[in-house]
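A.B. asks: Got a structure here, written out as C-alpha cells. Questions coming.
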Amino acid sequence: MTMTKLTIATITVAGLLGVCGSNREISSIKNAQQMTVTVQTLKEVLDAFNRHDLDAIMEYFSEDCSFDFPRGPEPFGQRFVGKANVREGLAMRFKGIPDVHYGDDRHWISTDGSQGVSEWTLSGTTTAGVKLNVRGCDLWEFRNGKIIRKNSYWKIVEQPVQPATK
C-alpha cells in the first residue's frame, strides 16, 4: 500500500512538472514578468540610438508602445503608436538627421520602476543643412521591463534678435 501511494505521488509530481515546465522555465516566466528597467538600461537604449540601430532600439519597446516626437502638427508633437509605427518614425528621424547624436546624458528611474527621465544634448545636421545643438529630455513609461511610452522634449533655440537699422 505504501509503495502504491509513493508511485501515485511520484506520477502526480511528474505530471505537474510536465504541465508547468521545469523550475528553470518557471523562473524564466517569473523573471520576464518582473523585469525592471534600470539607469543602465536607459544608457543602453541611448547607445542604440547613437548607433542608429533600429533593431536594437526596438528590442526595448513593447508591442503597444507609443513615441511622441518633440516636433509635429499637434501640441504634443507627432505621435507614433505601435511598435511598427515607432520604428518607422525613428527611421524618418535618422534619415532627416543622418548624424544625430545624443550626448551629455543623465538618467533617473522612479522607485517603483514604472517611469524614468533621460536628459541629453542632441546634435546633428538635418538634410536641409540646419545644424542642431539642443538640450532635451525623454519622459519614459515602462511595463514588464519594456518601454510603453517615450515622450521627447527639446529646448527651442532662438537666434538673438538683431536691432533694426535705420
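Quick note: the coordinates plus some simple rules give every number you see, no bench work behind them. These numbers were taken from a predicted model, which means no experiment stands behind them. Ideal geometry is used to build each Cβ from the backbone, glycine not excepted, and the neighbour counts take in all protein chains shown.
A.B. asks: Starting at the first residue of the stretch 49-54, write each ³J(HN,Hα) from the Karplus equation 6.51 cos²θ - 1.76 cosθ + 1.60 with θ = phi - 60°, in whole Hz, x for Gly and Pro.
C.D. replies: Using θ = phi - 60°, the values come out as 4, 5, 7, 6, 8, 4 Hz.
A.B. asks: Skipping prolines and chain starts, which residues have an amide H placed within reach, meaning under 5 Å, of the one on residue 149, given they are 5 or more residues away or on another chain?
C.D. replies: HN-HN under 5 Å from residue 149: 66, 141.
A.B. asks: I've got another one for you. Using a basic spin-label model with each label point 7 Å from the Cα along Cα→Cβ, how many nm lie between residue 104 and residue 55?
C.D. replies: Placing both labels 7 Å beyond Cα along the Cβ direction yields 3.4 nm.
A.B. asks: Right, something else. Return a whole-number percent for the relative contact order of the stretch 43-166, with Cα pairs under 8 Å and 6 or more residues apart as the contact set.
C.D. replies: Reported as a whole number, the value is 22 percent.
A.B. asks: Mark the label point 7 Å from the Cα of residue 157 along Cα→Cβ and return the residues of the stretch 124-148 whose backbone N is within less than 19 Å of it.
C.D. replies: 124-138
A.B. asks: What order do you get for 109, 147 when you list them from fewest to most C-beta neighbours inside 10 Å?
C.D. replies: Taking fewest neighbouring Cβ atoms as first place, the list is 109, 147.
A.B. asks: Pop out the ³J(HN,Hα) list for the stretch 67-83 in order, Karplus 6.51 cos²θ - 1.76 cosθ + 1.60 with θ = phi - 60°, rounded to Hz; leave Gly and Pro as x.
C.D. replies: Once rounded to whole Hz, the list reads 9, 9, 6, x, 10, x, x, 10, x, 8, x, 10, 9, 10, 10, x, 4.
A.B. asks: Which entries of 43/146; 43/95; 95/146; 95/155; 83/150 show an alpha-carbon separation above 18 angstrom in the structure shown?
C.D. replies: Violating the 18 Å Cα-Cα cut-off are 43/95; 95/146; 95/155.
A.B. asks: Most exposed first by the Cβ proxy, i.e. fewest other Cβ within 10 Å, how do 52, 101 rank?
C.D. replies: Arranged by neighbour count, lowest to highest, 52, 101 become 101, 52.
A.B. asks: Just to be sure I understand the model, the point goes 7 Å from the Cα along the line to the Cβ. What's the resulting residue 43 to residue 94 distance in nm?
C.D. replies: Here the modelled spin labels are 2.3 nm apart.
A.B. asks: Continuing with the same structure: Computed from the mean reciprocal separation of all distinct C-alpha pairs, what Kirkwood hydrodynamic radius does the stretch 36-94 have, in Å?
C.D. replies: 12.0
A.B. asks: From the convex hull of the Cα coordinates of the stretch 36-154, what is the mean projected area in square nanometres?
C.D. replies: Convex hull of Cα atoms, orientation-averaged projection: 6.8 nm².
A.B. asks: Could you tell me whether the stretch 87-128 comes out rounded, prolate or oblate from its Cα gyration tensor? Rule is a ≥ b ≥ c as square roots of the eigenvalues, rounded for a/c under 1.5, then prolate if a/b exceeds b/c, otherwise oblate.
C.D. replies: oblate
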